[in-house]
Every structure is written in structure tokens, then in C-alpha cells.
Ligand code: ADP
């Protein structure tokens, strides 16, 4: 059990053992002073030696408890509580016996300090359970009444406070009964009130502790959220820097082409070629902006547009004609393999279309003429599985995770196909993940790549 989770009764007991020991030092000093005072007021009546010895015995066992209590911190929480509980019971029993002995040797029922039992009842109620407190009220009553009866019967001697009380009253049954009854009822009432107050306080303390723990949990959650927000913010800054850089390049190129023409460095017969280059760079930038917009809108679109059951196999069929033409123009063969009875997934038609288009156009882009591209749809118990495999240039293992990051393009890809934003796979990953799916790549340089994505089935 952690210290935080300890019930308040456990924690307070450990602390209050020390408090009780400190209080007992005061009690020993108080008892010695009272004995000295009584000896002055009632000289040669009290057995001073015995009374002082009892006070010293209290001091000795208090020293023992003091040393034991210092060891408590070494125990585990549970063991510490158990040890504290044993110590609390032992101290209360010893205190009750010591008080009874002190009373016996200083007049028994004649001694007004008998009401010191009340203090012990309050201590028991503070330290222990209600049941234990009532048990100790019973023990105190039994000790006190037992002492009175034994004295009245002459079994043990009675020490009369000569000059303070009449010598014979300790043997009068009615007097013994009335004093015992008054003390017993005071003890039980005190225990009842003190333990009720303590029980209520403990419930409040427990509620406070619960509230505190709930607060701590919230604080922890908030700290985690804050950390996530910080990371998101860092990523956003990084992304903005990248975007600005990527957007600048085509504009800078267009600007320098136009400046060359305007400054008269380009002969009229070459001007068309330069303008065509500028137009190409402008188109590239439009593509980039379109992809950026798409990337930024995935979440929004998934939330705003009505998601519906989509057959990813049907979407593949619908894009395959356009893609086949594209592949054949480059001298590639496109195969489509679709398992029967493919269940739908929850998405938008448009998003699934983008996934297939991006994966297929990449496969066609990065495969040399004569190669093959195969798109397939299968299923496993929980997901619909889509894949696009090619016999193209492949991706080195160290780049297989990076290609899903924005703007990342391998050197080989750039060399093979100048045009490309490096955003296609980020868009695909974003779409697949927004619908609870996953995408990954298996690839070998020079042999080909296989992109696989899974989306949860609608059952
Ligand atoms: P783009 O195709 O515009 O470069 P993508 O985000 O679609 O951007 O792809 C990122 C990079 O991943 C590509 O530049 C390329 O290096 C690599 N890649 C993607 N698909 C393939 C593929 N089928 N074969 C080899 N490399 C690929």
C-alpha cells in the first residue's frame, strides 16, 4: 500500500503515537509534582516511595515506547500501522493500570484525581476504533470498581487521606456504588461523545483524501495533456517552417525566370521555353498547395462529411480504369485482385478514392517500364486489407518510416521522377488513421515495394 493510499486512521495513528508519548512525559512530571504537593498538604499520610516508584515506572515504560516509536519509520506502511496499533493498546492498558495503582496508593475513592480516567478515554477514542474505546471504558470501570471493592472488603489496604476525607466511607456500600456509578457513566458518556466526533472526523478526512487523490489524478492528466500540446506545437512550428521552405522554391524559380526575360537576358526565340518552365513550376506549386490543403482537412472532412459504409473494393474498381491507362502508357501491367464478399468500412468515398489513387500513382511513378503493379483487397477477422505492390525501385529500410512524413522523398525517387510533393503518403496515412486503421510498407531496394493498409470492418 502506498503512503498516499493509507486510510487516514492508519496515518494518524502513526503520528499520534509520538504525541501520546510526549504527553506522557508531561503526565510523569505532573504526577511527581502532585505527589510532592500532596505530601506538603497531607504530610506523612501517603506512601510517597511507592507513588514515586509508580511515576518512575511510567517514565521507564514511556522511554521504552519512545525508543520503539523511533523504529516505526523503518517499517513498511502496513507493518508500521500494525506495530503502532500494538503500541497504542499496550500504552493505554499500562496507563490505566498505573492510574489505578496511583489512585489506590493515594486514597482510592477519596482521591479526586479518579476523573483522570476520562483523559484516557479521550486518548483511546482519538487513537483507536469505537469498539476498542468502549472496551477500555469497561476496563477502566472494572479496574476502578475492582480496586474499591477489594479495599471495601479489606482484601487490599485502604490509604485514607486523613484530614481530607472521613476514614470509614470507603467501606460504605452505597458510597462505593455511587462513586463507581458516577465514574463509570462519565467514562462511557465521554467515550461515546469522543468516539462519535472522531468517527465523523475520520469520514471527513477520508473524503478529503479521496478528493485529494482525484485532484492529483487530474493534475497528472493535465500534465500529460500539456506535454502532448507542447509536442503538437513543436510539430506545428516544424511543419510551418517546412511548408514555407517548400512553397518558396517554386516562387523563387518563377521569379528568376521572369526577371531574366524582363531584364532582356533571354532572346525572343527562347522566351517561350522559359515561360513554359515557369508555368510548370507554377503548376507544381498549385499541386503542393492542393496537397497541403488536403492534408490539413483530413480530420475536418472525416468529421464534417457524412461517413458511410464504403466498399473499398468497388472504389478500387472505379479508379482502376484510369490507372490502367496511366500504367500502360508507361509500359507497366496493372493487376487487380479482389476477394469475394468484402464487407464495408466506415469512411468517405472520396477519402478511400484518394488512398487508392495516391498508392497506385506512386507504384506507377516509381516502377520502371516492363514492371508490374498489383492492387488487392482481402480481409481478416477484424479488418479489410488493401495493398498495392510493385516491382519498382524499392525503399531502403532506413527510409521506410520516413516516407510517411511530410515532404520526405528519397534521393532515388527524386532522380527518377522530378515531380512530386512528398505529401501523398502523409495524406494516405492521415486518412487511414482517422478511420481507425493503419498503413505500413515492406520493401527491398531494386526489387519492389508493398504498401498495406487496414481499416476496421463494419460488422
Ligand atoms: P511523392 O510521391 O510526391 O514523392 P509521397 O508522399 O507519395 O510523395 O511519397 C514519399 C516518398 O516515398 C517518395 O518520394 C518515394 O521516395 C517513396 N515512395 C512512395 N511510394 C513508393 C513506391 N511505390 N516505390 C518506391 N518508393 C516510394
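Remark: the chain is approximated by an ellipsoid whose semi-axes, taken from the C-alpha gyration tensor as √(5λ), come to 97, 25, 18 Å, largest first. Among 368, 259, the ranking by other beta carbons within 10 Å of each residue's beta carbon, starting with the fewest, stands as 259, 368. For the chain, what is the percent of antiparallel DSSP beta bridges, rounded to the nearest 5? About 80 percent, rounded to the nearest 5.
Centroid-to-centroid, using Cα positions, the range 27-88 and the range 400-459 are 79 Å apart. Taking a ≥ b ≥ c as the square roots of the eigenvalues of the Cα gyration tensor, the range 96-243 is prolate, since a/c reaches 1.5 or more and a/b is larger than b/c.
The Cα center of the range 238-279 and the Cα center of the range 156-232 differ in position by 87 Å. Ordering 418, 409, 80 from the fewest to the most neighbouring beta carbons within 10 Å gives 418, 409, 80. What is the range 174-263 by shape, rounded, prolate or oblate, if you read a ≥ b ≥ c off the alpha carbon gyration tensor as root eigenvalues and call it rounded for a/c under 1.5, prolate for a/b larger than b/c, and oblate otherwise? Prolate, since a/c reaches 1.5 and a/b exceeds b/c.
Scoring 346-354, 263-271, 197-205 by mean Cβ neighbours within 10 Å over their residues and listing the highest first yields 346-354, 197-205, 263-271. Between 0 and 90 degrees, the angle of helix 77-104 with respect to the longest Cα principal axis of the chain falls at about 10 degrees. Neighbour counts of C-beta atoms inside 10 Å place 50, 100 in the sequence 50, 100, starting with the fewest. You can think of it this way: the chain between residue 199 and residue 115 has 27.9 nm of extra reach, that is 0.36 nm per residue less the Cα-Cα gap. An oblate overall shape is assigned to the range 362-407, the ratio a/c of its alpha-carbon gyration tensor axes (a ≥ b ≥ c) being 1.5 or greater and a/b not exceeding b/c.
Each value in this text was obtained by applying a stated rule to the coordinates, not by laboratory testing. The structure displayed is predicted, hence computed values, not measured ones. Glycine also receives a Cβ, built like all others from the backbone with ideal geometry; neighbour counts cover every protein chain displayed.
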